[in-house]
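The values are calculated or read from the model by the stated rules, or taken from the named source; none is laboratory data. In this text the structure is predicted, and so the values were computed from the model without any measurement. Methodologically, a virtual Cβ is constructed for each residue, glycine included, from the backbone with ideal geometry; neighbour enumeration extends over all protein chains shown.
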């Protein structure tokens, strides 16, 4: 397709502004490691919340949603909609606990919750495991989407796309630190939203589509509109709804939706001004991420079923693309080739923004692990602030290099999503309980991490090669959760609790509700038990989930023309939102 000078000017302007933000914030970010990785712990909720939303709107997200909708219909999105439960739990239970911990990264948590060499090993290993290995995999999946967008919309080869996309992102990420990332995310968020809504609106005007009503009544689309899977078909009900709602959200570790908070979400909470701003940021993120953004992607995905009903149609339309990059997720960028001059430039800029906001966050987050939790903690404890910032900038470049190499080997977004879920299967409950059950120790976490990884490797590389019957993704996940959970529970009960002095220091610093600490408190009568508000907070979590799901469904019902259902779900969403915000004032936060 031909890109006009107007479109190129829009894209160039976007790159220029992003670069300028990195240059302007470079001096402040370079002062010390706290500035580079946490922006001085003085960020407001609205900036942090928008940054979280921008980060999770990665270039691969619309592709993933398109892949899901084309294969499993709208209801297939429950594989990620279910993570709202995790998100709301983080909002009302864990955000304030993270802020109280006063750590620089969530991995530093290990050496305030656990003690001795096991805690040190856990911190060092996960700094490399998450900060390098896992982080590179995540960035590679995002880069895969950039490769497909570059190939379809710009005619670029995978190597050309990665060279162009990587250079600008690495420059402003390494210069501006987290402050530069946050400010660029804020700018990129509005471009991303405008691009996705504008693209959906224009595609609906195309002769092949015609209108919303024509789209929803088309034979290729009409059987894919249900918001819930068919309850009479266990083959779809179990993997699409029951597993995500009953198991996946609490049992798996997935970046951006970690049970109990973690990763770059924890980084944002740790950089907040106070507990109230940490809660506000995560609440805004969950509302915007689940209720505001999905429908434009879904509309484009459904439209693609009319224009490109089969993968073979994509092959005919884009013969220059490698066969290993042809899959249902390619349909999203393929639909964007119909956009007109001007809007095409905005949408391309929005997709570039989505890519850059996610990659820049992961680069800063990953380098924070490498510097704070590995280099300074185990290699050179007396490293100066300038040296720490320099190591952070070097690691930023290397992380992007390895992510780009891996991206060239992947084929589709859903494949990577399933692999990441499997690797974290069974570890989620550890991250939820470690704040509230005194018996959790370092060996619990080591066991969960090792066993879940071994099980994932077995299913991906060994199971079918031994002649065993192939398993569906949800079956692998359920088995992985069962084996891993049983393993870490047994190890927890067979090993000694953490040292009493470590537990005392942690409890008095973080002040979690005392429900799972009663044995510890009975052994330490001088420690004041924190009554907390855990039942009230869990109630707010449930209320928050009902509110956001009803807002999500209400949008769908209005689009579908189901007026009665739209009115009911809208009323529940508004009432739930008012009750949630009124109840929030009763939370004890600083």
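Give 48, 64 a once-over and let me know the one that is assigned to a helix (DSSP H, G or I), modelled with pLDDT under 90 and in contact with a strand residue (DSSP E or B) (Cβ under 9 Å, 6 or more places away or on another chain). Lay out the reasoning, then the answer.
Working: 64 fails: in contact with a strand residue (DSSP E or B) (Cβ under 9 Å, 6 or more places away or on another chain).
None of the other options fit; the residue is 48.
In the set 11, 6, which member is at pLDDT 80 or above, crowded, with 16+ Cβ neighbours inside 10 Å and closer than 18 Å to residue 194 by Cβ?
Working: 6 fails: crowded, with 16+ Cβ neighbours inside 10 Å.
None of the other options fit; the residue is 11.
Hey, can you tell me all the residues within the stretch 465-485 that are over 22 Å from residue 238 (Cα atoms) and not in a loop (DSSP other than H, G, I, E, B)?
The answer is 465, 466.
Go through the stretch 187-200 and give me each residue that's touching a residue at least 60 places away in the same chain (Cβ under 8 Å) and farther than 11 Å from residue 336 by Cα. I'd like the intermediate steps shown before the answer.
So the first thing to find is which residues in the stretch 187-200 are touching a residue at least 60 places away in the same chain (Cβ under 8 Å), and the list is 187-189, 191-200.
Passing the criteria: 187, 188, 189, 191, 192, 193, 194, 197.
Quick one: would you say residue 295 is touching a residue at least 40 places away in the same chain (Cβ under 8 Å) and part of a helix (DSSP H, G or I)?
Details: touching a residue at least 40 places away in the same chain (Cβ under 8 Å): yes; part of a helix (DSSP H, G or I): yes.
Yes.
How many residues are part of a helix (DSSP H, G or I), surrounded by 14 or more Cβ atoms within 10 Å (Cβ to Cβ) and within 31 Å of the chain's Cα centre (by Cα) if we restrict to the stretch 516-535?
2
Name the helices (runs of 4 or more DSSP H) wholly within the stretch 354-449 that hold at least 3 residues that are out of contact with any strand residue (DSSP E or B) (no Cβ under 9 Å at 6 or more places or on another chain), crowded, with 18+ Cβ neighbours inside 10 Å and modelled with pLDDT of 80 or more?
On the way: elements: 385-407, 413-423, 428-433.
Where helices (runs of 4 or more DSSP H) fall fully within the stretch 354-449 and carry at least 3 residues being out of contact with any strand residue (DSSP E or B) (no Cβ under 9 Å at 6 or more places or on another chain), crowded, with 18+ Cβ neighbours inside 10 Å and modelled with pLDDT of 80 or more, they are 385-407, 428-433.
Quick one: how many residues across the stretch 227-242 are surrounded by 15 or more Cβ atoms within 10 Å (Cβ to Cβ), closer than 21 Å to residue 552 by Cβ and touching a residue at least 40 places away in the same chain (Cβ under 8 Å)?
Total satisfying the criteria: 6.
Looking at (1) surrounded by fewer than 16 Cβ atoms within 10 Å (Cβ to Cβ); (2) at pLDDT 95 or above, can you tell me which one residue 582 breaks?
Going through (1) surrounded by fewer than 16 Cβ atoms within 10 Å (Cβ to Cβ); (2) at pLDDT 95 or above one by one, residue 582 breaks only (2).
At least 1 residues that are out of contact with any helix residue (DSSP H, G or I) (no Cβ under 7 Å at 6 or more places or on another chain) in each: list the helices (runs of 4 or more DSSP H) lying fully within the stretch 73-122 that qualify. Spell out how you get there, then give the answer.
Values: elements: 78-81, 83-89, 95-101, 110-113.
By residue number, 78-81.
Mind checking which pairs have a first residue in the stretch 350-372 that is closer than 13 Å to residue 189 by Cβ and a second that is modelled with pLDDT under 80 and outside any helix (DSSP H, G or I), Cβ under 6 Å, 6 or more apart or different chains?
Close Cβ pairs satisfying both conditions: 354/57; 354/58; 354/59; 358/58.
Within the stretch 244-260, identify whether any single residue is modelled with pLDDT of 85 or more, surrounded by fewer than 17 Cβ atoms within 10 Å (Cβ to Cβ) and either closer than 30 Å to residue 326 by Cβ or over 26 Å from the mean Cα position of the chain (by Cα) (or both), and answer yes or no.
Pass one, the stretch 244-260, residues modelled with pLDDT of 85 or more: 244-251, 259-260.
Filter again for surrounded by fewer than 17 Cβ atoms within 10 Å (Cβ to Cβ), leaving 245-246.
Okay, now just the ones that are also either closer than 30 Å to residue 326 by Cβ or over 26 Å from the mean Cα position of the chain (by Cα) (or both), so none.
No - not one qualifying residue is present in the stretch 244-260.
How do the pairs read when you match residues in the stretch 309-333 that are loosely packed, with under 13 Cβ neighbours inside 10 Å with residues anywhere that are part of a helix (DSSP H, G or I), using Cβ under 8 Å and keeping only pairs 6 or more apart or on different chains?
320/151; 322/158; 323/315
Restricting the search to the stretch 83-117, which residues are touching a residue at least 40 places away in the same chain (Cβ under 8 Å), surrounded by fewer than 24 Cβ atoms within 10 Å (Cβ to Cβ) and more than 17 Å from residue 266 (Cα to Cα)?
Correct list: 115, 116.
Working only within the stretch 547-571, note down all residues that are surrounded by fewer than 17 Cβ atoms within 10 Å (Cβ to Cβ) and either closer than 24 Å to residue 586 by Cα or in contact with a strand residue (DSSP E or B) (Cβ under 7 Å, 6 or more places away or on another chain) (or both).
571
One residue is enough: does the stretch 149-163 have a residue meeting the conditions crowded, with 20+ Cβ neighbours inside 10 Å, in contact (Cβ under 8 Å) with a residue 24 or more places away in the chain and under 19 Å from the mean Cα position of the chain (by Cα)?
No.
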